[in-house]
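J.: Before anything else, here's the structure in question.
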Amino acid sequence: MTSGRLTLSRPRPQYNLNKHFSLIEAECIDKLDKLFGQQTKGDEVSRSFFVTQLRQLFDEADLDDELRAQATSFLDSIDSFLELLLAVRNLPEGDEYQDDRIISTLKLMSFIRTIGRSEIFVRYVQRLVGYHVVRSNHVEAALTLKLHADLHEWDLSTFVEPLPDLELPHQTEFARKEYVLLSLKPGSLLSSSSADGRVVQDAVPSDPRAPRQGPGVRDRHRARS
């Protein structure tokens, strides 16, 4: 109930600033991912209680029609996210459940991508890559990691936020995309499969004039200038 009241206490000022629930939804999804993603925190009962309490608090609040409609969509997204997250987390350990874990993770990733939470999406890309690597499915691991690269364009003027978990600095979209794709090359940590190399060859621009950057060295210089 306390967490619900805290959640309800924050939307109105944020909504008044941006007239949309997207920022509120993003913050809640991130916090719930960290809370319910832990094996010792949250379960189906907690999910049901949390969402029910939130719905009750919003139902009792004095909201205009536009805000109420967005609140309903927001609550539906939270409920769907927790359902998919717990479907992944609650699978038993063991190789016999690995295929189910991969399928459930892909469903969760698809939902996360539709709501535009790229940081969380990348987190699950890395987790799925790990599942494939453990099973020596190196081509699948490379193709999964390419999902991260596909979030970015070959753009030298737009910068992306750092990802401390992956030790990726503040850098251009070009540098981020290039760095992720080059990690698929034969001889990388992922794989020595020639198929991985073809993925990179097809994805990296062939124009020799295109500048090449490491993970953030030129970006940091550009950011300071």
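The values are calculated or read from the model by the stated rules, or taken from the named source; none is laboratory data. None of these values were measured; they are calculated from a predicted model. Every residue, glycine among them, receives a Cβ derived from its backbone with ideal geometry; neighbour counts consider all protein chains shown.
J.: Within the group Leu151, Leu143, which residue is outside any helix (DSSP H, G or I), more than 22 Å from Gln38 (Cα to Cα) and among the aliphatic types (A, V, I, L, M)?
T.: Details: Leu143 fails: outside any helix (DSSP H, G or I).
Result of the check over Leu151, Leu143: Leu151.
Matching residues to (1) closer than 29 Å to Asn90 by Cα; (2) in the same structural domain as Ser22 (by TED's automatic domain parsing); (3) surrounded by 12 or more Cβ atoms within 10 Å (Cβ to Cβ); (4) touching a helix residue (DSSP H, G or I) at 6+ places or on another chain (Cβ under 7 Å):
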position: Leu35; (1), (2), (3), (4): yes, yes, yes, no
position: Ser48; (1), (2), (3), (4): yes, yes, yes, no
position: Gln56; (1), (2), (3), (4): yes, yes, yes, no
position: Asp64; (1), (2), (3), (4): no, yes, no, no
position: Leu67; (1), (2), (3), (4): no, yes, yes, yes
position: Gln70; (1), (2), (3), (4): no, yes, yes, no
position: Ser77; (1), (2), (3), (4): yes, yes, yes, yes
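J.: Next up: Could you pull out the residue among Thr40, Thr52 that is of a type in the set (Val, Ile, Thr), under 26 Å from Leu91 (Cβ atoms) and modelled with pLDDT of 75 or more? Write out each step before concluding.
T.: Working: Thr40 fails: modelled with pLDDT of 75 or more.
Every option except Thr52 fails the conditions.
J.: Give the residue, chosen from Leu108, Leu156, that is outside any helix (DSSP H, G or I) and free of Cβ contacts under 8 Å to residues at least 60 places away in the same chain.
T.: Among Leu108, Leu156, only Leu156 is outside any helix (DSSP H, G or I) and free of Cβ contacts under 8 Å to residues at least 60 places away in the same chain.
J.: Another one. Could you count how many residues in segment 141-156 are crowded, with 18+ Cβ neighbours inside 10 Å and either of a type outside the set (Lys, Arg) or modelled with pLDDT under 90 (or both)? Spell out the reasoning first.
T.: Within segment 141-156, the subset crowded, with 18+ Cβ neighbours inside 10 Å is 141-142, 144-149, 152.
Still in the running and either of a type outside the set (Lys, Arg) or modelled with pLDDT under 90 (or both): 141-142, 144-145, 147-149, 152.
Going through segment 141-156 one residue at a time, the tally reaches 8.
J.: What tally of residues in segment 128-140 results from selecting those that are buried (at least 17 other Cβ atoms within 10 Å of the Cβ) and either of a type outside the set (A, V, I, L, M) or under 22 Å from Asp30 (Cβ atoms) (or both)?
T.: Filtering segment 128-140 down to residues buried (at least 17 other Cβ atoms within 10 Å of the Cβ) leaves 128-129, 131-133, 137-140.
Now drop any that are not either of a type outside the set (A, V, I, L, M) or under 22 Å from Asp30 (Cβ atoms) (or both), which leaves 128-129, 131-132, 137-138, 140.
Total satisfying the criteria: 7.
J.: Kindly check whether there is at least one residue in segment 66-76 that is in contact with a Gly (Cβ under 9 Å, 6 or more places away or on another chain), at pLDDT 85 or above and not polar (S, T, N, Q).
T.: The initial filter retains those residues of segment 66-76 that are in contact with a Gly (Cβ under 9 Å, 6 or more places away or on another chain), namely none.
For segment 66-76, residues in contact with a Gly (Cβ under 9 Å, 6 or more places away or on another chain), at pLDDT 85 or above and not polar (S, T, N, Q): absent.
J.: Give me the pairs, please: first residue somewhere in segment 79-94 and at pLDDT below 90, second residue anywhere and among the aromatic types (Phe, Trp, Tyr) and surrounded by fewer than 17 Cβ atoms within 10 Å (Cβ to Cβ), beta-carbon distance under 8 Å, and either six or more positions apart or on two chains.
T.: Pairs that qualify, where the first residue is at pLDDT below 90 and the partner is among the aromatic types (Phe, Trp, Tyr) and surrounded by fewer than 17 Cβ atoms within 10 Å (Cβ to Cβ), are Leu91/Tyr97.
J.: Read through the list (1) surrounded by 14 or more Cβ atoms within 10 Å (Cβ to Cβ); (2) closer than 26 Å to Arg176 by Cβ, then give the number of the only condition that Thr114 fails.
T.: Of the numbered conditions (1) surrounded by 14 or more Cβ atoms within 10 Å (Cβ to Cβ); (2) closer than 26 Å to Arg176 by Cβ, the odd one out for Thr114 is (1).
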